[in-house]
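Okay, structure first, notes after.
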Amino acid sequence: GMMIPEMVKRKYDKDFSAAINAAGGTIGVIIPPSIPFVTYGVLTGCSISTLFMAGFMPGVLMGLALMVVVVIISMKKGYKDTTKFSGREILKFFWDALLAMLMPVIVLGGIYTGWFTPTEAAVAAAFYTMILGFFVYKELTLKTFFKICLESVKTAGTIVLMILGVTLFQFVISREQMPQAIATFFTSNVDSKL
């Protein structure tokens with residue numbers, strides 16, 4: 001919703017913009033900290049920290065491969081960024097974003113060193129973000145904070161209801177032994193040649 005209109009405004013093709021965003025969106029699921037990894041780990045009982053470790057390198061390789069493809073296609077089609085920055089401006093942008101870029105380091109470092117569990121890492125990340133938003137960047141107010149909390153509750157509630165439905169369905173199927181009944185039906189009623 002944000003990237004494609006901006007890319008089209010800068011003279012990128014719509015199909016190229018959509019393809020890049022679709023391909024890049026899959027990388028976010030793999031590189032930790034990843035909410036789908038946490039959800040998968042909770043539902044299946046897998047170690048979330050192991051999932052994070054397993055996803056890091058493939059995600060980085062996918063990102064690098066996508067960058068190479070984008071550079072090659074951009075050179076062939078003549079896409080150029082019209083925005084020019086001096087070295088001093090780039091250094092200023094980097095310095096301004098440094099504290100925010102430390103969040104994945106804190107989260108993953110804390111999980112891998114054993115300082116906290118993935119759930120505690122999520123709390124640490126949220127707390128760290130609140131401190132940055134309120135006191136460092138000063139872009140977060142109480143009004144926007146409560147709005148963010150409301151949106152988070154809506155999103156989490158939707159996910160919890162989906163998980164509840166799946167878990168309940170799984171319980172009913174397992175309790176009623178439906179897979180065994182279906183297998184028995186087919187093995188006893190279907191011709192062996194078929």
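When you scan the range 86-119, how many residues do you find that are closer than 30 Å to THR50 by Cα and assigned to a loop (DSSP other than H, G, I, E, B)?
4
What tally of residues in the range 90-143 results from selecting those that are open to solvent by less than 50 Å² (accessible area, probe 1.4 Å), free of Cβ contacts under 8 Å to residues at least 40 places away in the same chain and not aliphatic (A, V, I, L, M)?
5
Tell me which helices (runs of 4 or more DSSP H) are completely within the range 1-85 and hold 2 or more residues being under 30 Å from TRP115 (Cβ atoms) and in contact (Cβ under 8 Å) with a residue 60 or more places away in the chain, or say none if there are none. If you could, list the steps in order and put the result at the bottom.
Working: elements: 3-9, 14-30, 35-44, 48-77.
Where helices (runs of 4 or more DSSP H) fall fully within the range 1-85 and carry at least 2 residues being under 30 Å from TRP115 (Cβ atoms) and in contact (Cβ under 8 Å) with a residue 60 or more places away in the chain, they are 35-44, 48-77.
The values are calculated or read from the model by the stated rules, or taken from the named source; none is laboratory data. Source: prediction; values computed, not measured. As a convention, Cβ positions derive from the backbone with ideal geometry for all residues, glycine included, and neighbour counts pool all protein chains shown. Just so you know, the surface numbers come from the protein's heavy atoms only, side chains and all, with ligands and any DNA or RNA stripped out. Shrake-Rupley method; radii C 1.70, N 1.55, O 1.52, S 1.80 Å.
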